[in-house]
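The values are calculated or read from the model by the stated rules, or taken from the named source; none is laboratory data. Note that this is a predicted model, so its numbers are computed, not measured. Here the Cβ positions follow ideal geometry from the backbone for every residue, glycine too, while neighbour counts run over all protein chains shown.
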Amino acid sequence: MARPYSDDLRRKFLEAYDAGTLSLCALAKQFRVSVQFAKKIRGQLKRTGRMERPVQSRYGVNSRVTETAREHLRQWLAEQPDSTDEQLRQRLAGTGVSVCRSRIGQLLRAMGVRRKKSRSTPPSATAKKTSNGVKRSSPGSDRSI
C-alpha cells in the first residue's frame, strides 16, 4: 500500500521553493515527486501556514447515535428482548435520533448485543418429525441430527 511522503521531504521541498531559485515543476523533477503533489502541498502551506501534513480524520462524520442512545437501546432490549429493529428504530426516533432500520442492526452488533437464541441451550423435549412425517420413537444420535 502506498505510504505518504514524510514531513521531512515536504519541509525540504517547500523550503527550496521559498528560496525562489527553481519553479514548482523543476523542483518536482529534482525531488522526484509529481507536479500535482507539489501543487497540493504548496496550496496546503498557503491555507494552513504549516509545512507538515494536516491531521487526517479517519472515520468521517461523527455518529448521531450517542452513548445515551446506546444505553436506551440496551434498556429497551432488557425490557422487551423480542423487539424488532423497526420498533427499536421508532423508539429511538422518539428520543430525537433518526436512523434507518439497518443501522439499528449495525449498532446492536457493535454493542455486542445478541438477539438470537443461544446454541448452548438444551434441545427441545418434543420429538421432531422424520422426512415421512412420523415422529421418532427414540432420540437420534448426534450424527443423524
Item to check | Subset of the stretch 42-72 that is more than 17 Å from Ser6 (Cα to Cα) and among the β-branched types (Val, Ile, Thr) - its residue that is modelled with the highest pLDDT | outcome: Thr68
Item to check | Pick from the stretch 1-35, criterion small (Gly, Ala, Ser), part of a loop (DSSP other than H, G, I, E, B) and at pLDDT 90 or above, ranking: nearest to Val55 (Cα to Cα) | outcome: Ser34
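From Glu71, Glu86, which residue is touching a helix residue (DSSP H, G or I) at 6+ places or on another chain (Cβ under 7 Å), of a type in the set (Asp, Glu) and in a helix (DSSP H, G or I)? First the steps, then the outcome.
On the way: Glu71 fails: touching a helix residue (DSSP H, G or I) at 6+ places or on another chain (Cβ under 7 Å).
That would be Glu86, the only listed residue that is touching a helix residue (DSSP H, G or I) at 6+ places or on another chain (Cβ under 7 Å), of a type in the set (Asp, Glu) and in a helix (DSSP H, G or I).
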Next on the checklist: Can you confirm whether Ser102 is at pLDDT 90 or above and of a type in the set (Ser, Thr, Tyr)?
Outcome noted: yes
Next on the checklist: It is to be established whether one or more residues within the stretch 58-80 are farther than 27 Å from Thr95 by Cβ and either more than 19 Å from the chain's Cα centre (by Cα) or exposed (fewer than 10 other Cβ atoms within 10 Å of the Cβ) (or both).
Outcome noted: yes
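Return the residue satisfying two criteria in turn: it lies in the stretch 36-57 and is part of a loop (DSSP other than H, G, I, E, B) and surrounded by 10 or more Cβ atoms within 10 Å (Cβ to Cβ), and of such residues it is nearest to the chain's Cα centre (by Cα). Quick ask: steps written out before the conclusion?
Step one: filter the stretch 36-57 for residues part of a loop (DSSP other than H, G, I, E, B), giving 49-57.
From what is left, the residues that are surrounded by 10 or more Cβ atoms within 10 Å (Cβ to Cβ) are 50-53.
Details: Arg50: 30, Met51: 31, Glu52: 27, Arg53: 24 Å.
Among residues in the stretch 36-57 that are part of a loop (DSSP other than H, G, I, E, B) and surrounded by 10 or more Cβ atoms within 10 Å (Cβ to Cβ), the one nearest to the chain's Cα centre (by Cα) is Arg53.
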Next on the checklist: If I filter the stretch 109-145 down to residues being out of contact with any helix residue (DSSP H, G or I) (no Cβ under 7 Å at 6 or more places or on another chain) and among the hydrophobic types (A, V, I, L, M, F, W, C), which single residue comes out as modelled with the lowest pLDDT?
Outcome noted: Ile145
